[in-house]
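The structure appears below as structure tokens.
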Amino acid sequence: MRAREWTVAAINDDPTAHGIPELPTWRVERGETDGIAFAATDRDEPFIAAERPVRVRR
């Protein structure tokens, strides 16, 4: 799913009305040394984590 499709559908109407699934709800956890992790709200363990994330430009 491309982010553009979701954004256009969300601006104009309910995305689920167009067959686009809802975005999941994530819990964001910050580590002691600038780390970050994302976890599903119904699970305890993060599904992705970074100890030293860096900023990037597109």
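The values are calculated or read from the model by the stated rules, or taken from the named source; none is laboratory data. Keep in mind that this is a model prediction, so the values were computed, not measured. Cβ sites come from the backbone with ideal geometry, for glycine too, and all protein chains shown count toward neighbours. SASA here: full protein model, heavy atoms, side chains in, ligands and nucleic acids out. Shrake-Rupley method; radii C 1.70, N 1.55, O 1.52, S 1.80 Å.
Quick look at the numbers
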read-out	value
Within the stretch 16-58, considering residues that are among the polar types (S, T, N, Q) and open to solvent by 80 Å² or more (accessible area, probe 1.4 Å), the one nearest to residue 3 (Cα to Cα)	25
Failed item in (1) under 15 Å from the mean Cα position of the chain (by Cα); (2) in a loop (DSSP other than H, G, I, E, B), with residue 20 passing the rest	(1)
Given (1) surrounded by 10 or more Cβ atoms within 10 Å (Cβ to Cβ); (2) in a loop (DSSP other than H, G, I, E, B), number of the condition residue 10 does not satisfy	(2)
Every pair of residues 6+ apart whose Cβ atoms lie under 9 Å, when the first sits in the stretch 36-52 and is within 11 Å of residue 26 (Cβ to Cβ) and of a type in the set (Ser, Thr, Tyr) while the second is open to solvent by 100 Å² or more (accessible area, probe 1.4 Å) and assigned to a strand (DSSP E or B)	41/26
